[in-house]
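Laboratory data are not the source of any read-out in this text; all were calculated from the coordinates shown. Keep in mind that this is a model prediction, so the values were computed, not measured. Positions of Cβ are generated from backbone atoms using ideal geometry, with glycine treated the same way; all protein chains shown enter the neighbour counts.
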Amino acid sequence: MKQITTLALAAFASVAVASAAAAQQSHPRHETQAQLAREARVTEAAARSTALAQVPGGRVKSEELEREHGKLIYSYDIQVAGRSGIDEVNVDAMTGAVIAKQHEGPREERAEARAERREARTTHPAKKP
């Protein structure tokens with residue numbers, strides 16, 4: 001009987017550890033820009049040059065080093081004078097390869113800004129006095 005109880009406790013403990021690990025993976029930890037930069041193998045300057053080569057005549061409007069879908073990427077919003085919207089270019093921070101490029105018109109830009117504000121409120125709720 002004592003052996004069965006020990007086995008049951010061991011099984012329960014392993015399930016609890018597995019559940020905690022799964023919960024931790026479903027809620028990614030907050031990583032600082034410094035932590036992400038230390039992990040990147042490609043410099044920001046090299047990634048910027050790669051992104052700008054994708055959009056001739058463009059200038060970087062904003063940039064961000066982030067983890068997206070498990071990949072560490074540099075994300076650039078590049079604007080071309082006289083053209084509406086922006087081109088978003090994502091460069092892999094580990095290999096330097098362009099992994100995505102898309103044009104976003106004003107409507108898509110506004111929708112993305114709203115989504116980012118919503119995400120910021122849910123991941124970093126305002127402190128209450």
Rg and Dmax [Cα atoms of the stretch 34-104; Å; Rg one decimal, Dmax integer]: 11.7, 37
Can you give me the distance in nm between label points at Ala120 and Ala97, each placed 7 Å from the Cα along the Cα-to-Cβ direction? 3.3
